[in-house]
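This report concerns only the one structure given below.
The values are calculated or read from the model by the stated rules, or taken from the named source; none is laboratory data. Remember, predicted model here, so these are calculated numbers, not experimental data. Heads up, the Cβs are rebuilt from the backbone with ideal geometry, glycines too, and the neighbour counts pull from every protein chain shown. With ligands, DNA and RNA removed, areas are computed over all heavy atoms of the protein, side chains included. Shrake-Rupley method; radii C 1.70, N 1.55, O 1.52, S 1.80 Å.
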Amino acid sequence: MEYNFIEIEKKWQDEWRKRQTYKVSEESNKQKFYVLDMFPYPSGAGLHVGHPLGYIASDIYARFMRHKGFNVLHPMGYDSFGLPAEQYAIQTGQHPAITTEKNIARYREQLDKMGFCYDWSREVRTSDPSYYKYTQWIFSLIYNAWFNNEKQAAEPIHTLVSHFETNGNFGVNAAIDEDWFTKVDLSKFFFGKNWEGDFTATDWKSMNEEQQQLILMHYRLTYLADSMVNWCPALGTVLANDEVKDGLSERGGHPVEQKLMRQWSMRISAYAERLLQGLETIDWSESIKEVQRNWIGRSEGARVKFQLEGRSEMIEVFTTRPDTIFGVSFMTLAPEHELVNSITTPEYREAVEAYQAAAKLKTERDRQSDVKNVSGQFTGAYVIHPFTGAQIPVWIGEYVLAGYGTGAVMAVPAGDQRDYDFAKKFNLPIPNIFEGIDISEKAESSKEAVLCNSDFLNGLNYKSATPRVIAELEKIEAGKGKVNYRLRDAVFSRQRYWGEPFPVFYKGEIPYLIGDEKLPTVLPDVDKYLPTKSGEPPLARAADWKFTDEDGNSYRMEYNTMPGWAGSSWYFLRYMDANNATEFASREKVNYWGQVDLYMGGAEHGTGHLLYARFWTKVLYDLGYIGFDEPFKKMINQGMILGRSSFVYRIKDSQQFVSFDKKDQYETQALHADISLVDSDVLDIEAFKNWLPEYANATFILNDEGKYICGTEVEKMSKSRYNVQTPDELVEKFGADTLRCYEMFLGPVEQSKPWDTKGINGVHNFLRRFWRLFHDAENQMAVSAEEATKAELKVLHKTIKKVTDDMQRFSWNTVVSTLMIGVNELTDLKCKKQSVLEPMLVLLSPYAPHMAEELWAKLGHAESITTAQWPLFNEAHLQDDAFDYPVSFNGKTRFNISLPVDFTPQQIEAEVLKHELTPKYLEGKDPKKIIVVPKRIVNVVV
RNA sequence: GCGGGCGUGGCGAAAUUGGUAGACGCACUAGACUUAGGAUCUAGCGCUGCGAGGCAUGGGGGUUCGAGUCCCUCCGCCCGCACCA
């Protein structure tokens, strides 16, 4: 065997481990570069061929940058808290830590086999107490912070407290719920006053500890509050908005309902604007930025207050079209709106309550699928138009969402299709407020339309009317300009076992932090991983789990755990100083490594991990712990590798299987066949019979060639479809180097594509040919010190240029092609010269590190090839004495003329004209202009 | 509905700033060497034409000496968001 990849790969993996080849230190005068993969959740199934796609690409890039002379941080770890290990624990009683440990060992083994250059001394595991100690520490930090809208930044809570002590809360512009004061019971305090949340320094100082804490809770960046949450009964836990898709849980697809629960939340909404603006400063794909922009959902408009007729309260609405205010003919509230009950008149009470009850019964999913159906109910109440004083009926309707804006809309049927449909259905007036526009069929939503019947706005359009109407509203104190965001605060509690415990205990109802010096708060053991009988989270089963203070008093702990995204929101910082036992990471090291320069991972985390990590980074930045406020400078999202499933066709109610090409003659049922039983779509019949007991007696109708042909389909890889390709078998058959090259060769990394091993032979051949370049027919090294010829240097430098360019523009796939061309050409030239082959080897080494390392050693180098410099491109070698200039004449006929390369355009022109002026090409035509363009194409214009 | 991306041989794909479209690989065809071939080597391989040539990058139009690339329009596919007021 000539290229013995099995031996070579094992040898070098051992060597690398022994020599600690990939260990990096921040004590370096080189420039840093940080290449990061999204760390995996170590599931029981192990890696499939899709996983390594991104890992290979980033590994190649890390190796490339190392050759380019950078000090490269390229770490790996595990997002090891999570649901599957816990579900497994519930079924088997095995502690999730054991399952996790086992899975990690398997992942590590697979990762090692791929020859990745991770610095494993920096490994992190989110479930390790030495790691989650700092997850808890960051939680405490966020808890002890508030968001100053004035500065658009988080500040330590003590700055707020000292403000309260001197000025009360006057002049504080904090991110806080507008109606927060309605949720704090300070009635005995502000007895007799119509309290709207203001308090003086004197008020503050006379409050007791509990009352102060209750108020502070509303300002904190992470807070405990009763909020409407996504409750998933099947999983027994609440979920964040991004974990719910179409009203079903993202994991498992279980129904999710809305429930009012006392939960920890993260005030990410405070950062809406900065999360939006920050996108402009980072190099991410447009599509994923768009996902985040949508999720943040910024819209400009106004809040307008409408006085309720005969009552003291106002109803506040949010609108993006305050300019259409003269077209308001009714108002609609969400069925859950808090004023509905109090404003409904007795005669409508029954109908309103029935409507509310019906709406409540519907799941989120039903409500979404019922979008086309217009429904609503009049409440009997009226509000007064702030400008015209007209009486406006107040309705409730499902199309208004409680969670967006104020949960109430001013309905302008002329300008909004939903309001229009509602008005039509319930026979409400549709006043026209647009000049010369017919609204008898549908609403006019264009922002260009000119307003009429609108008093002082007549003749204006959206752009000119909006500032005007906002000014008027402010003048009469009926409203103000307002930017609204769709982004909601993120629920931070989970009723699960396998997650970070909160560093929190309770005195009565008031939560207190466990001091930083007492962290980590270690996850206690429990007898079962299920909720208690009374419905408390699993941690409540730990009977002795209590907080005890200096005086020996013990207190109840927080029984919820943190969500999966807690640990992953800051892990990229921990890698910088993974073994620090006193800080989350030292400031010097964070300063040295800085932002992640290249982040590689799936695009599916757009509204989850990637948003939360950006959020936490900004908080840490605001509070002065790190020096940057965007974590990931550049990101590339690798596509998914899809599986190619094979199908057999069973004739209905029989044990007879028919070949794909004859299946249309029968009534058949398609069944997945394990892809290991199929080769080039031909089924191994004996193996199939032995595969599952139910097929032992199967009979087959073969095609005319006597073969059983399977059908195929491209699907996501999964166990149940029997189409999972693990890297292991391919590594065994072709070697890791081949697999690395092949996965890159498949196409652009960003693209999703079906896994197809057909082409792997071609790539394997390429590596064998590369190997053969260095050897003679007897497989002996045959590299000479002879001087390279011009032709050989030309091939080399052409390859250096293209590979370097392609690496720099993250075009992993074209690099392989370029190397193939180089090898083919050098083979044709029978080039076996060290001065050519050695630089070629360095170009190959990021893709096929094992082979490169082996040949590098055979060339007599004692140091690892990772220390080799990236070859320098020398333009001079690409230049010829003469160049064939393609000439196009009249845009049609093309021919070449040979000219010295250093000819100026003028000389070229003269020469071309000389050639052109032959009767053959120039009968009756006069060339007027010569254009010489970069690739030395000469156009003769006549 | 709104937003983003994409459309090139039998297949995966190249073409980086508008400059010889289809590099490289797979599959296929023919030949050589072979007891054999899922090994290796040689040649061919967009369509059309005996040929010189002509036609080709989803369809139509435009800008340009020159368009896969830029502009307009239509068609198709993928992804994200969605009674968000």
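Counting only residues that are in contact with a Pro (Cβ under 9 Å, 6 or more places away or on another chain) and of a type outside the set (G, A, S), which one in the range A:735-749 is nearest to RNA strand B (Cβ to nearest atom)? Talk me through it step by step, then tell me what you get.
Initially, the range A:735-749 is screened for residues in contact with a Pro (Cβ under 9 Å, 6 or more places away or on another chain), giving A:736-737, A:739-740, A:743.
Now narrow it down to the ones that are of a type outside the set (G, A, S): A:737, A:739-740, A:743.
On the way: A:D737: 15, A:L739: 14, A:R740: 15, A:E743: 11 Å.
Among them, the one singled out is A:E743.
For the range A:664-702, which residues satisfy the criterion of being open to solvent by 50 Å² or more (accessible area, probe 1.4 Å) and assigned to a helix (DSSP H, G or I)?
Matches in the range A:664-702: A:D664, A:Q665, A:S676, A:E686, A:K689, A:N690, A:W691, A:P693, A:E694.
Look at A:T827 and say whether it is open to solvent by 20 Å² or more (accessible area, probe 1.4 Å), among the β-branched types (V, I, T) and away from RNA strand B (no atom under 16 Å from the Cβ). Please lay out each step first, then the result.
Numbers: open to solvent by 20 Å² or more (accessible area, probe 1.4 Å): yes; among the β-branched types (V, I, T): yes; away from RNA strand B (no atom under 16 Å from the Cβ): no.
In short, no.
What's the total number of residues in the range A:525-544 that are crowded, with 16+ Cβ neighbours inside 10 Å and not aliphatic (A, V, I, L, M)?
Kept after step one, since they are crowded, with 16+ Cβ neighbours inside 10 Å, are these residues of the range A:525-544: A:526, A:529, A:531, A:537-542.
With the extra rule that they be not aliphatic (A, V, I, L, M), the set shrinks to A:529, A:531, A:537-538, A:541.
Residues meeting the conditions: 5.
From the list A:S454, A:S446, A:S464, A:S440, which residue is open to solvent by 30 Å² or more (accessible area, probe 1.4 Å) and over 44 Å from the mean Cα position of the chain (by Cα)?
Values: A:S454 fails: open to solvent by 30 Å² or more (accessible area, probe 1.4 Å); A:S446 fails: over 44 Å from the mean Cα position of the chain (by Cα); A:S464 fails: over 44 Å from the mean Cα position of the chain (by Cα).
Among A:S454, A:S446, A:S464, A:S440, only A:S440 is open to solvent by 30 Å² or more (accessible area, probe 1.4 Å) and over 44 Å from the mean Cα position of the chain (by Cα).
Is there any pair linking a residue in the range A:103-116 that is closer than 13 Å to A:H51 by Cβ to one that is of a type in the set (D, E) and surrounded by 18 or more Cβ atoms within 10 Å (Cβ to Cβ), with Cβ under 7 Å and at least six apart or on different chains, and which?
A:F116/A:D59
Given A:I104, A:I98, which one is among the aliphatic types (A, V, I, L, M) and surrounded by 18 or more Cβ atoms within 10 Å (Cβ to Cβ)?
Details: A:I98 fails: surrounded by 18 or more Cβ atoms within 10 Å (Cβ to Cβ).
Exactly one residue qualifies, and that residue is A:I104.
Condition test on A:V49, is it outside any helix (DSSP H, G or I), of a type in the set (A, V, I, L, M, F, W, C) and more than 30 Å from A:E838 (Cα to Cα)?
On the way: outside any helix (DSSP H, G or I): yes; of a type in the set (A, V, I, L, M, F, W, C): yes; more than 30 Å from A:E838 (Cα to Cα): yes.
Yes: the conditions hold for A:V49.
Considering only residues that are of a type in the set (V, I, T) and within 16 Å of RNA strand B (Cβ to nearest atom), which ones fall in the range A:274-303? First the steps, then the outcome.
Kept after step one, since they are of a type in the set (V, I, T), are these residues of the range A:274-303: A:281-282, A:288, A:291, A:296.
Correct list: A:I282, A:I288, A:V291, A:I296.
Among (1) more than 9 Å from RNA strand B (Cβ to nearest atom); (2) assigned to a helix (DSSP H, G or I), there is one condition A:D806 misses while meeting the rest; what is its number?
Against the list (1) more than 9 Å from RNA strand B (Cβ to nearest atom); (2) assigned to a helix (DSSP H, G or I), A:D806 comes up short only on (1).
Kindly establish whether A:K372 is open to solvent by 10 Å² or more (accessible area, probe 1.4 Å) and more than 29 Å from A:E448 (Cα to Cα).
Details: open to solvent by 10 Å² or more (accessible area, probe 1.4 Å): yes; more than 29 Å from A:E448 (Cα to Cα): no.
Spelling it out, it is not the case that A:K372 is open to solvent by 10 Å² or more (accessible area, probe 1.4 Å) and more than 29 Å from A:E448 (Cα to Cα).
Just to be sure I understand, how many residues within the range A:830-857 are open to solvent by 10 Å² or more (accessible area, probe 1.4 Å) and part of a helix (DSSP H, G or I)? Full working, then the answer.
Filtering the range A:830-857 down to residues open to solvent by 10 Å² or more (accessible area, probe 1.4 Å) leaves A:830, A:832-835, A:838-839, A:854, A:856-857.
Within this subset, residues satisfying the condition of being part of a helix (DSSP H, G or I) are A:834-835, A:838-839, A:854, A:856-857.
Residues in the range A:830-857 being open to solvent by 10 Å² or more (accessible area, probe 1.4 Å) and part of a helix (DSSP H, G or I): 7 in total.
Hey, any hits in the range A:153-161 for a residue that's open to solvent by 60 Å² or more (accessible area, probe 1.4 Å), farther than 30 Å from A:P524 by Cβ and modelled with pLDDT of 90 or more? Working first, answer last.
Pass one, the range A:153-161, residues open to solvent by 60 Å² or more (accessible area, probe 1.4 Å): A:158.
With the extra rule that they be farther than 30 Å from A:P524 by Cβ, the set shrinks to A:158.
Keeping just the survivors that are modelled with pLDDT of 90 or more gives A:158.
Scanning the range A:153-161 turns up at least one residue that is open to solvent by 60 Å² or more (accessible area, probe 1.4 Å), farther than 30 Å from A:P524 by Cβ and modelled with pLDDT of 90 or more.
If A:A408 meets every condition in (1) within 14 Å of RNA strand B (Cβ to nearest atom); (2) without any contact (Cβ under 8 Å) to a residue 12 or more places away in the chain apart from one, which number is that one?
Condition not satisfied by A:A408: (2).
Regarding the range A:776-794, can at least one residue be identified that is in contact with a helix residue (DSSP H, G or I) (Cβ under 6 Å, 6 or more places away or on another chain), within 16 Å of RNA strand B (Cβ to nearest atom) and open to solvent by less than 40 Å² (accessible area, probe 1.4 Å)?
No, the range A:776-794 contains no residue that is in contact with a helix residue (DSSP H, G or I) (Cβ under 6 Å, 6 or more places away or on another chain), within 16 Å of RNA strand B (Cβ to nearest atom) and open to solvent by less than 40 Å² (accessible area, probe 1.4 Å).
Which of the residues that make up the range A:212-248 are assigned to a strand (DSSP E or B), within 14 Å of A:R496 (Cβ to Cβ) and either more than 16 Å from RNA strand B (Cβ to nearest atom) or at pLDDT below 80 (or both)?
Matches in the range A:212-248: A:W231, A:C232, A:T237, A:V238.
Select from the range A:589-602 the residues that are farther than 16 Å from A:F39 by Cβ and either of a type outside the set (S, T, N, Q) or modelled with pLDDT under 95 (or both) and list them in ascending order. Before you say what the answer is, go through the steps one by one.
Initially, the range A:589-602 is screened for residues farther than 16 Å from A:F39 by Cβ, giving A:589-595, A:597.
Hits for the range A:589-602 are A:K589, A:V590, A:Y592, A:W593, A:G594, A:D597.
Conditions tested, residue by residue: (1) more than 29 Å from the chain's Cα centre (by Cα); (2) part of a loop (DSSP other than H, G, I, E, B); (3) within 17 Å of A:P129 (Cβ to Cβ).
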| position | (1), (2), (3) |
| --- | --- |
| A:P511 | yes, no, no |
| A:E517 | yes, no, yes |
| A:D527 | yes, yes, no |
| A:P531 | yes, yes, no |
| A:A540 | yes, no, no |
| A:D544 | yes, yes, no |
| A:P563 | no, yes, no |
| A:A566 | no, no, yes |
| A:F572 | no, no, no |
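How about the range A:703-732: which of its residues are aliphatic (A, V, I, L, M) and open to solvent by 60 Å² or more (accessible area, probe 1.4 Å)?
Step one: list which residues in the range A:703-732 are aliphatic (A, V, I, L, M), which gives A:709, A:714, A:717, A:724, A:730-731.
Answer for the range A:703-732, where residues must be aliphatic (A, V, I, L, M) and open to solvent by 60 Å² or more (accessible area, probe 1.4 Å): just A:V714.
Looking at (1) in contact with a Phe, Trp or Tyr (Cβ under 9 Å, 6 or more places away or on another chain); (2) charged (D, E, K, R); (3) free of Cβ contacts under 8 Å to residues at least 12 places away in the same chain, which is the one condition that is false for A:E713?
Tallying (1) in contact with a Phe, Trp or Tyr (Cβ under 9 Å, 6 or more places away or on another chain); (2) charged (D, E, K, R); (3) free of Cβ contacts under 8 Å to residues at least 12 places away in the same chain, A:E713 fails exactly one: (3).
With the requirement that a residue be open to solvent by 70 Å² or more (accessible area, probe 1.4 Å), more than 15 Å from RNA strand B (Cβ to nearest atom) and closer than 23 Å to A:D455 by Cα, what does the range A:304-313 give you?
The initial filter retains those residues of the range A:304-313 that are open to solvent by 70 Å² or more (accessible area, probe 1.4 Å), namely A:305, A:309-312.
This time we only want the ones that are more than 15 Å from RNA strand B (Cβ to nearest atom), so: A:309-312.
A:E309 - this is the single residue of the range A:304-313 that is open to solvent by 70 Å² or more (accessible area, probe 1.4 Å), more than 15 Å from RNA strand B (Cβ to nearest atom) and closer than 23 Å to A:D455 by Cα.
For the range A:314-332, which residues satisfy the criterion of being more than 9 Å from RNA strand B (Cβ to nearest atom) and of a type in the set (A, V, I, L, M, F, W, C)? If you could, list the steps in order and put the result at the bottom.
Going residue by residue through the range A:314-332, those that are more than 9 Å from RNA strand B (Cβ to nearest atom) are A:314-316, A:323, A:325-331.
A:M314, A:I315, A:I325, A:F326, A:V328, A:F330, A:M331, listed by residue number.
State all residues of the range A:276-334 that are assigned to a helix (DSSP H, G or I) and hydrophobic (A, V, I, L, M, F, W, C); if no residue qualifies, say none. Reasoning before the result, please.
Going residue by residue through the range A:276-334, those that are assigned to a helix (DSSP H, G or I) are A:276-281, A:286-296, A:322-327.
Those that are assigned to a helix (DSSP H, G or I) and hydrophobic (A, V, I, L, M, F, W, C): A:L276, A:L279, A:I288, A:V291, A:W295, A:I296, A:I325, A:F326.
Scan the range A:625-653 for residues that are part of a loop (DSSP other than H, G, I, E, B) and either within 28 Å of A:W137 (Cα to Cα) or among the polar types (S, T, N, Q) (or both) and report the count. Full working, then the answer.
Within the range A:625-653, the first condition is being part of a loop (DSSP other than H, G, I, E, B), and the residues that meet it are A:625-631, A:633, A:638-640, A:652-653.
With either within 28 Å of A:W137 (Cα to Cα) or among the polar types (S, T, N, Q) (or both) added as a condition, the list becomes A:625-631, A:633, A:638.
Matching residues across the range A:625-653 total 9.
Results for (1) under 28 Å from A:L473 (Cα atoms); (2) more than 11 Å from RNA strand B (Cβ to nearest atom); (3) not small (G, A, S), shown as yes or no for each residue.
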{"site": "A:L339", "(1), (2), (3)": "yes, yes, yes"}
{"site": "A:A354", "(1), (2), (3)": "no, yes, no"}
{"site": "A:H385", "(1), (2), (3)": "yes, yes, yes"}
{"site": "A:P393", "(1), (2), (3)": "yes, yes, yes"}
{"site": "A:I396", "(1), (2), (3)": "yes, yes, yes"}
{"site": "A:K425", "(1), (2), (3)": "no, no, yes"}
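One line per residue, one yes/no per condition, for (1) open to solvent by 30 Å² or more (accessible area, probe 1.4 Å); (2) assigned to a loop (DSSP other than H, G, I, E, B); (3) touching a Ser or Thr at 6+ places or on another chain (Cβ under 6 Å); (4) more than 20 Å from A:A578 (Cα to Cα):
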| residue | (1), (2), (3), (4) |
| --- | --- |
| A:E15 | yes, no, no, yes |
| A:E27 | yes, yes, no, no |
| A:L36 | no, no, no, no |
| A:P40 | no, yes, no, no |
| A:G44 | yes, yes, no, yes |
| A:G54 | no, no, no, yes |
| A:P75 | no, yes, no, no |
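If you go through the range A:415-426 one residue at a time, how many are modelled with pLDDT under 90 and open to solvent by less than 20 Å² (accessible area, probe 1.4 Å)?
Result for the range A:415-426: 1.
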